[in-house]
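Notes follow the structure.
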Amino acid sequence: MQVYGLLGNPVGHSLSPPMHEAGYDERDIDARYVTFEPDPDAFDAAVDGARALGVRGLNVTVPFKSDALAHPAVEADPLARRIGAVNTLDLGGETVTGHNTDATGVTRALEHHDIPLEGAGVVVGAGGAGRAAAFALADAGVDVAIANRTTAKAVTLADEVPGASGHPLDAVPDLVADADLLVNATSVGMEEDVSPVPAPALHGDLAVLDAVYTPVETRLLRDAADAGATTVDGAWMLLFQGVEAFERWTGVDAPVTEMNRTLRAAL
Ligand code: ATR
């Protein structure tokens, strides 16, 4: 039996085990997906132990994403290095490789909804999710504007992302007026029913992806739908980061429909 898992602390009530196991069942792969909660200072030992036990792949979450990048045995791919975070380890080969499937999760979620990866895109947020979204969109050919509450973080990130510009949060309405794509990569909308973008700024020529998935129906997405925009909820992003890891680890096309159904049932 193959073993995959999630390293985090706390891992809490993770949606990854049911989502991945639905994929293994559908593809007749004899595998399990397990959550592990090592002490915050035990990341290297946990990875070495997992390798010794034959664990094939690990997702990595808070607080270990930068540990994974720094681990001496992990060869991070160029995109993960630019983003500065590894969230997926492939332990199945001669070496351990590190990847950032949050980035691919953004582009695959948009592509799945036939949203062209071109034109002008606004990324609100410059934390881990914002970095992943900004690099992924820019690499795909989108002209990226990054806006963040802490403006300096948006400006610093924009210096690293090809062709990007950095802005304060209050520039969002003007940026969105001319944009084709909008990604919320802040946590706004999670705790309270509020939106990071004023509703009048939204319009029908826009596609909006919200990285927030609790709740799935955020205020931003409701406002965007009211404005006639195309909407993609955060569960799609969560799904496609998992799909990307599944395919990398197993070498098999993921059963997207089954994994999506199970993920949404677990949310
Ligand atoms: P993640 O890894 O999920 O991106 P993070 O790195 O903590 O989490 O980043 C959270 C993002 O949400 C940041 O862009 C943060 O803005 P700051 O960089 O100014 O902290 C943004 N954010 C959080 N709460 C916010 C709020 N109330 N209004 C606007 N932006 C907020």
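GNM remark for the chain: springs join alpha carbons under 10 Å apart, and the peak mean-square fluctuation among GLY121, GLY84, GLY163 falls on GLY163. Rounded to the nearest 20, the Cβ-based charge dipole of the chain about its Cα centre (Lys and Arg +1, Asp and Glu -1) stands at 340 debye. Going from the fewest other Cβ atoms within 10 Å to the most, the residues ASP25, ASP159, ASP210 appear in the order ASP159, ASP25, ASP210. Proximity of backbone amide H atoms, modeled 1.01 Å from N, is registered between ILE146 and VAL123, SER165, GLY166, HIS167 at under 5 Å, excluding neighbours fewer than 5 places apart on the same chain. A cut-off of 5 Å between modelled amide H atoms, ignoring neighbours fewer than 5 places along the same chain, links ALA31 with GLN2.
Here the Karplus curve 6.51 cos²θ - 1.76 cosθ + 1.60, taken at θ = phi - 60°, turns the phi angles of the stretch 140-151 into couplings of 7, x, 8, 7, 9, 10, 10, 10, 8, 3, 8, 4 Hz, with x standing for Gly and Pro. Footprinting exposure proxy ranking of SER187, SER165, fewest other C-beta atoms within 10 angstrom first, gives SER187, SER165.
Rounded, prolate or oblate, given the Cα gyration tensor of the stretch 104-232, with a/c below 1.5 counting as rounded? Since a/c stays below 1.5, the shape of the stretch 104-232 is classed as rounded.
Around the Cα centre of the stretch 182-232, unit charges on the Cβ atoms of Lys, Arg, Asp and Glu (plus for the first two, minus for the last two) sum to a dipole of about 100 debye. May I ask for the angle, rounded to the nearest 10°, between helix 101-112 and the longest principal axis of the chain, with both axes built from Cα atoms and the value confined to 0 to 90°? Its long axis makes an angle of about 60 degrees. With respect to the chain, whose longest principal axis is taken over its alpha-carbon atoms, helix 256-266 is tilted by about 90°. For the charge dipole of the chain, defined by +1 on Lys and Arg C-beta atoms and -1 on Asp and Glu C-beta atoms about the Cα centroid, which residue among GLY251, PHE43, SER14 has the Cα displaced farthest towards the positive pole? Checked the options; the winner is PHE43. Seen from ALA201, the other residues with C-beta closer than 12 Å to its C-beta sum to a net charge of -4, counting Lys and Arg as +1 and Asp and Glu as -1. Is the chain rounded, prolate or oblate when judged by the Cα gyration tensor, a ≥ b ≥ c being the square roots of its eigenvalues, rounded requiring a/c under 1.5 and prolate requiring a/b larger than b/c? Taking the square roots of the gyration eigenvalues as a ≥ b ≥ c, the chain is prolate.
Every read-out reported here was derived from the displayed coordinates using simple, explicitly stated rules and does not represent laboratory data. Please read all numbers here as calculations on a predicted model, not as lab measurements. As a convention, Cβ positions derive from the backbone with ideal geometry for all residues, glycine included, and neighbour counts pool all protein chains shown.
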